[in-house]
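Working notes for the structure below.
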Amino acid sequence: MNDMSPTQITVNDRTYADPKVCAIAICLDGCEPAYLDEAIAAGLMPTLDRIRKTGTDRMAHSVIPSFTNPNNMSIATGRPPAIHGICGNFLFDPDTGEEVMMNDPKFLRVSTIFKAFFDAGKKVAVVTAKDKLRALLGHGLRFDDGRAICFSAEKSDTTTIEEHGIVDGSTWTDMPVPEVYSAELSEFVFKAGVKLLKEFKPDMMYLTTTDYVQHKYAPGIKEANDFYEMFDKYLTELDELGAAIVVTADHGMKPKHHSDGSPAVIYVQDLLDEWLGKDAARVILPITDPYVVHHGALGSFGTAYLPDGTNREDIINRLSAIDDITLVVGNEEACERFELPADRIGDIVVISGENMTVGTSEHRHDLAALNEPLRSHGGLTEQEVPFIVNRVMEDLPNAPELRNFDAFFYATKAAAMQTSS
């Protein structure tokens, strides 16, 4: 650990403790709380079971939309999307008429906690499953003095000192680059995290996974239990090495299919085409990213840009009347309620219920690769996530006051305690 450092570090108007041991936040992508309950009940997660009993076990709220990029960047900045600007995996630029991936650091409006700690003289490590997050998470870090490492499992064989702080992360981790649609992609993250803690000895580390397993398998299913059993073995090592650890998630995961296994979808673009004319409105699904095989770009949050002169309240009322649409609100209310950046959200926001998704037009969704009944996220029903600390934290609230993006606030606070529970 670095001893020549301040006792507190302030970033984005929040003050973080100076860790005496490594402060780790682990984001288990798509970790519906029931996954942990089922795996623990099956006797497959003894370490997490012990930590829940002897440390601190709470529920937190994710940000809405309950998607990967907004929540990871909230965890990385300690702030909601209204502050950091990343409100989806995808956005629509009304000025150009283009839909754009929001994985370029130019869309990030504040610094990350990692940069602040690095600038304060700390050693920082970040490992992400998919490369789509790597540039955002590593924004502002320098890799020229051996104090920062940031790389993805997906592209681990191409890492360099100049761009990632490590040469050939795959060889270094002693694990081949996993298939992107696999549990092994997340296992790579955990294995790299253990090795980094032992050898690199960071002051702060972030490990964030992929939800491939959770999109395919319900809590208690063997493949899901296998995943969490695997995670528990790496958690055991991290805990035994003395790190202060917060385990949380970016969002939950719910079944979004009919009894016959077919996806449950309300195609909002088709409805707006019928009501307003073809392509007069533009529906954007912020879940969209390059990795749609496991969810078909179907989630429970959508936003729509309406043509000038549209009676917005009439559209809101029509959509609200549809079964399994749980909330339709205008831009202003959505941004205030969910702390979203107004200039990156459409005229209305549409959120569907626990067992329903929203789509654009039926013909635009390629669902051929969905070989399991659809499970997805994005809405209010996937907002509750675990928040578990391997230290006793007397003052830790519960949801909704506790947010997943409080992870590093409490991880550094726990790390400043120095002793384990």
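Just so it is clear, none of the values below were taken in a lab; they were calculated from the coordinates. The structure presented is a predicted model; accordingly, all values stated were derived computationally and were not measured. Ideal geometry is used to build each Cβ from the backbone, glycine not excepted, and the neighbour counts take in all protein chains shown.
Within the listed set 164, 61, 258, the residue fluctuating most in the Gaussian network model of the chain (springs between alpha-carbon atoms under 10 angstrom) is 258. Packing order of peptides 320-331, 264-275, highest average first: 264-275, 320-331 (average count of other Cβ atoms within 10 Å over each peptide's residues).
Distance between the pseudo-spin-label points of residue 160 and residue 221 (7 Å out from Cα toward the beta carbon): 4.1 nm.
For residue 11, the amide hydrogen comes within under 5 Å of the amide hydrogens of 16, counting only partners 5 or more places away or on other chains and with H modelled in the peptide plane. Note on 63, 194: ascending count of other Cβ atoms within 10 Å places them as 194, 63, the fewest first. Across 15, 208, 381, mean-square fluctuation computed from a Gaussian network of the chain (C-alpha pairs under 10 Å connected) peaks at 15.
From helices alone, the chain scores -8000 deg cm²/dmol at 222 nm; the rule is -39500 (n - 2.57) for each run of n ≥ 4 DSSP H residues, then divide by the residue total.
Once both labels are positioned 7 Å from their Cα atoms along Cα-to-Cβ, the gap between residue 401 and residue 342 label points is 3.0 nm.
Within the listed set 33, 219, 400, the Gaussian network model of the chain (springs between alpha-carbon atoms below 10 Å) gives the highest mean-square fluctuation for 400. Database remark: amide H of residue 90 closer than 5 angstrom to the amide H of 102 (H placed geometrically; neighbours at sequence offset of 5 or more, or on other chains; Pro and chain starts carry no H). Against the chain, whose longest principal axis is taken from its Cα atoms, helix 184-195 shows a tilt of about 30°.
Relative to the dominant Cα principal axis of the chain, helix 222-240 is inclined by about 30°.
Between amide H atoms placed 1.01 Å from N, distances below 5 Å from residue 329 occur with 349, all of them 5 or more places distant or on a separate chain.
Using R0 = 41 Å, the C-beta based FRET efficiency linking residue 259 and residue 174 works out to 0.35. Contact order, relative form, for the range 265-374: 36 percent (alpha carbon pairs under 8 Å, 6 or more residues apart, mean separation divided by residue count).
What the phi angles of the range 124-139 give under the Karplus curve with 6.51, -1.76 and 1.60, with θ = phi - 60°, is a coupling list of 10, 10, 9, 10, 10, 5, 9, 6, 4, 9, 4, 5, 5, 5, x, 4 Hz, glycine and proline written as x. Computed from phi, the 3J(HN,Hα) profile of the range 403-408 under the Karplus parametrisation 6.51, -1.76, 1.60 (θ = phi - 60°) reads 10, 4, 7, 7, 4, 6 Hz, with x in place of Gly and Pro. The residues 167, 247, 349, when put in order of fewest to most other Cβ atoms within 10 Å, stand as 167, 349, 247.
The stretch between residue 49 and residue 98, if pulled fully straight at 0.36 nm per residue, gains 12.9 nm over its current Cα-Cα span.
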